[in-house]
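Visitor: Once you've had a glance at the structure underneath, I'll fire off some questions.
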Amino acid sequence: MSMNETLTAIPGIQVGHFSDTEAATGCTVILCPPETVASVDVRGGAPGTRETDLLDPTRSVKHIHALVLSGGSAYGLAAATGVMNYLEEQGVGYRTASGHLVPIVPSAIVFDLALGDSMRRPDAAMGYAACLNASDSPVTQGTVGAGTGCRVAALMGNDFATKGGVGSALIQLDESLMVAALAVVNAVGEILDEQGNILAGLRGSNGGYYPVLEALRGIIGGASKPRTHSGENTVIGVVATNARLTKVEARKVAEMAHDGLARAVRPAHTQYDGDTLFALATGEHPADVNVIGAFGAEVMAQAIRNAVRAATSLYGVRALND
């Protein structure tokens with residue numbers, strides 16, 4: 001058997017997708033082991049999130065029980081309700097002083113309404129179904145789950161975009177310590193390979209890729225103004241480790257993971273994007289947060305590249321090899 005080189009290699013983490021290829025949407029759930037410490041860093045100008053305020057290190061809740069990444073724009077935040085329902089049935093959640101069980105399920109979304117059926121969006125039923133599909137098997141990548149309707153560099157419409165999707169990667173730091181990432185790639189920018197060349201992006205008339213930075217010059221007043229709209233692009237994702245981190249340290253890992261996003265996406269963190277990255281620490285091994293953060297950036301960049309490499313064409317948006 002081949003080694004699991006995805007997020008589910010982290011012991012206790014399970015990932016499940018629900019994909020609606022007809023509607024070109026879906027959601028992805030990450031189920032966490034007990035006492036998973038979490039935080040988040042939001043850098044995009046147009047984010048769509050749920051329960052991210054409680055991940056601030058100054059807030060009292062220390063642990064989360066699941067994380068939801070979803071398509072459907074802000075409508076897709078409803079998928080987290082289904083995940084809460086599933087966890088409540090399993091007896092998993094935060095026990096309040098009065099004895100009530102409340103699962104802690106932060107969420108972030110991407111805009112995928114421009115592909116497929118925009119009236120069918122992830123809801124509570126889809127979130128619940130993703131939980132039923134969750135396992136510790138290697139994460140299925142590409143045009144699945146929250147990545148089903150994703151596009152890259154869709155400035156000039158679907159005909160000139162490249163298919164985005166879900167990607168995951170793992171870095172083994174030593175015999176026991178590891179860091180992994182999962183990314184949902186729907187960026188306004190192009191995706192860069194390991195050498196800094198365009199891997200996937202805005203398709204030019206000659207069959208190659210046209211630099212997004214050059215296309216953005218049209219916003220200044222050029223004749224062929226890009227059709228970019230604020231809030232219709234984003235990269236969301238998570239870095240997870242089996243290191244023992246505090247909530248403050250998890251926040252630092254989430255911050256550093258954005259360095260990897262910026263290495264793999266050009267441009268990143270624009271007002272058109274809702275770039276949001278979470279960090280999870282399952283707490284099994286002591287570690288230096290600087291090391292975890294540095295490799296967290298590396299593995300996030302790998303996951304982003306893996307997303308477009310694994311994606312398949314859908315509704316006329318061509319995968320990078322098509």
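Visitor: Scanning the range 250-275 for residues that are charged (D, E, K, R) and crowded, with 24+ Cβ neighbours inside 10 Å, which turns out modelled with the highest pLDDT?
Guide: Step one: list which residues in the range 250-275 are charged (D, E, K, R), which gives 251-252, 255, 259, 263, 266, 273, 275.
After this cut, where a residue has to be crowded, with 24+ Cβ neighbours inside 10 Å as well, the list is 273, 275.
Values: 273: 91, 275: 96.
The selected residue is 275.
Visitor: Determine whether residue 254 is in a strand (DSSP E or B) and hydrophobic (A, V, I, L, M, F, W, C). Break it down into steps so the answer makes sense when it comes.
Guide: Values: in a strand (DSSP E or B): no; hydrophobic (A, V, I, L, M, F, W, C): yes.
No, not satisfied.
Visitor: In contact with a strand residue (DSSP E or B) (Cβ under 7 Å, 6 or more places away or on another chain) and either at positive phi or not in a strand (DSSP E or B) (or both): which single residue out of 146, 183, 215 fits that description?
Guide: Numbers: 183 fails: either at positive phi or not in a strand (DSSP E or B) (or both); 215 fails: in contact with a strand residue (DSSP E or B) (Cβ under 7 Å, 6 or more places away or on another chain).
One residue alone meets the criteria, 146.
Visitor: Still on this structure: So which residues in the range 8-24 are closer than 17 Å to residue 70 by Cα and either of a type in the set (A, V, I, L, M, F, W, C) or in contact with a strand residue (DSSP E or B) (Cβ under 8 Å, 6 or more places away or on another chain) (or both), if there are any at all? If you could, list the steps in order and put the result at the bottom.
Guide: Initial filter on the range 8-24 (closer than 17 Å to residue 70 by Cα): 14-24.
Of everything in the range 8-24, those that are closer than 17 Å to residue 70 by Cα and either of a type in the set (A, V, I, L, M, F, W, C) or in contact with a strand residue (DSSP E or B) (Cβ under 8 Å, 6 or more places away or on another chain) (or both) turn out to be 14, 15, 16, 17, 18, 19, 20, 21, 23, 24.
Visitor: Give the residue that is farthest from the chain's Cα centre (by Cα), with candidates limited to residues of the range 94-104 that are hydrophobic (A, V, I, L, M, F, W, C) and either part of a helix (DSSP H, G or I) or modelled with pLDDT of 95 or more (or both). I'd like the intermediate steps shown before the answer.
Guide: So the first thing to find is which residues in the range 94-104 are hydrophobic (A, V, I, L, M, F, W, C), and the list is 97, 101-102, 104.
Within this subset, residues satisfying the condition of being either part of a helix (DSSP H, G or I) or modelled with pLDDT of 95 or more (or both) are 101-102, 104.
Details: 101: 27, 102: 24, 104: 18 Å.
Out of the qualifying residues, it is 101.
Visitor: While we're here: Which ones in the range 57-93 are in a loop (DSSP other than H, G, I, E, B) and free of Cβ contacts under 8 Å to residues at least 60 places away in the same chain? Full working, then the answer.
Guide: Start the filter on the range 57-93 by keeping residues that are in a loop (DSSP other than H, G, I, E, B), which leaves 57-62, 71-72, 90-93.
Within the range 57-93, 58, 59, 60, 61, 72, 90, 91, 92, 93 meet the criteria.
Visitor: Within the range 289-319, which residues are buried (at least 18 other Cβ atoms within 10 Å of the Cβ) and aromatic (Phe, Trp, Tyr)?
Guide: Across the range 289-319, the qualifying residue is only 295.
Visitor: Next question, about the same structure. Among the candidates 283, 293, which residue alone is in contact with a helix residue (DSSP H, G or I) (Cβ under 9 Å, 6 or more places away or on another chain) and farther than 21 Å from residue 71 by Cα?
Guide: Working: 283 fails: in contact with a helix residue (DSSP H, G or I) (Cβ under 9 Å, 6 or more places away or on another chain).
Selected residue: 293, the only one of 283, 293 that is in contact with a helix residue (DSSP H, G or I) (Cβ under 9 Å, 6 or more places away or on another chain) and farther than 21 Å from residue 71 by Cα.
Visitor: Can you tell me which residue in the range 94-148 is farthest from residue 75 (Cα to Cα), limited to those that are touching a residue at least 12 places away in the same chain (Cβ under 8 Å) and of a type in the set (D, E, K, R)?
Guide: Checking each candidate, the answer is 136.
Visitor: Within the range 276-283, identify whether any single residue is at pLDDT 95 or above and surrounded by fewer than 24 Cβ atoms within 10 Å (Cβ to Cβ), and answer yes or no.
Guide: If we filter the range 276-283 for residues that are at pLDDT 95 or above, which is where we start, we get 276-282.
Now restrict to residues that are surrounded by fewer than 24 Cβ atoms within 10 Å (Cβ to Cβ): 282.
Yes, the range 276-283 has at least one match.
Visitor: Of all residues in the range 4-44, count the ones that are in a loop (DSSP other than H, G, I, E, B) and touching a Phe, Trp or Tyr at 6+ places or on another chain (Cβ under 7 Å).
Guide: Residues of the range 4-44 that are in a loop (DSSP other than H, G, I, E, B), as a first pass: 4-6, 10-13, 21-24, 43-44.
Checking the rest, the ones that are also touching a Phe, Trp or Tyr at 6+ places or on another chain (Cβ under 7 Å) come to 24.
Total satisfying the criteria: 1.
Visitor: I'm trying to understand the selection: among the residues of the range 288-322, which are of a type in the set (S, T, N, Q) and in a helix (DSSP H, G or I)? Write out each step before concluding.
Guide: Filtering the range 288-322 for residues of a type in the set (S, T, N, Q) gives 290, 302, 306, 312-313, 321.
Correct list: 290, 302, 306.
Visitor: I've got another one for you. Please go through the range 141-195 and pick out each residue that is of a type in the set (Asp, Glu) and either under 20 Å from residue 46 (Cα atoms) or touching a Cys at 6+ places or on another chain (Cβ under 7 Å) (or both). It would help to see each step written out before you state the result.
Guide: Going through the range 141-195, the residues of a type in the set (Asp, Glu) turn out to be 159, 174-175, 190, 193-194.
The answer is 190, and nothing else.
Visitor: Right, next: Looking at the range 152-180, which of its residues are at pLDDT 95 or above, under 19 Å from residue 7 (Cα atoms) and either part of a loop (DSSP other than H, G, I, E, B) or among the aliphatic types (A, V, I, L, M) (or both)?
Guide: Correct list: 164, 166, 169, 170, 171, 173, 177, 178, 179, 180.
Visitor: Same structure, new question: So residue 228 fits all but one of (1) assigned to a helix (DSSP H, G or I); (2) modelled with pLDDT under 95; (3) of a type in the set (Val, Ile, Thr); (4) in contact with a Leu (Cβ under 6 Å, 6 or more places away or on another chain); what number is the exception?
Guide: Residue 228 satisfies every listed condition except (1).
Visitor: Sticking with this structure for a sec: Any residue in the range 191-213 that's surrounded by fewer than 16 Cβ atoms within 10 Å (Cβ to Cβ): show its pairings with residues that are modelled with pLDDT under 95 at Cβ separation under 6 Å, as long as the two are six or more apart or on different chains.
Guide: 204/210
Visitor: Now for a different question. Considering only residues of the range 47-56 that are touching a residue at least 12 places away in the same chain (Cβ under 8 Å) and more than 15 Å from the chain's Cα centre (by Cα), which is surrounded by the most Cβ atoms within 10 Å (Cβ to Cβ)? Explain how you work it out, then say what you get.
Guide: Applying the first criterion (touching a residue at least 12 places away in the same chain (Cβ under 8 Å)) to the range 47-56 yields 47-52, 54-56.
In the following step, the residues that additionally are more than 15 Å from the chain's Cα centre (by Cα) were identified as 51, 54-56.
On the way: 51: 19, 54: 16, 55: 25, 56: 12.
Going through the qualifying residues, I end up with 55.
Visitor: Listed residues 118, 107, 135; which is among the hydroxyl-bearing types (Ser, Thr, Tyr) and within 13 Å of the chain's Cα centre (by Cα)?
Guide: Working: 118 fails: within 13 Å of the chain's Cα centre (by Cα); 135 fails: within 13 Å of the chain's Cα centre (by Cα).
None of the others qualify; the one that does is 107.
The values are calculated or read from the model by the stated rules, or taken from the named source; none is laboratory data. Because the structure is a prediction, the values reported are computed rather than measured. No Cβ is skipped: glycine too gets one built from the backbone with ideal geometry, and neighbour counts run over all protein chains shown.
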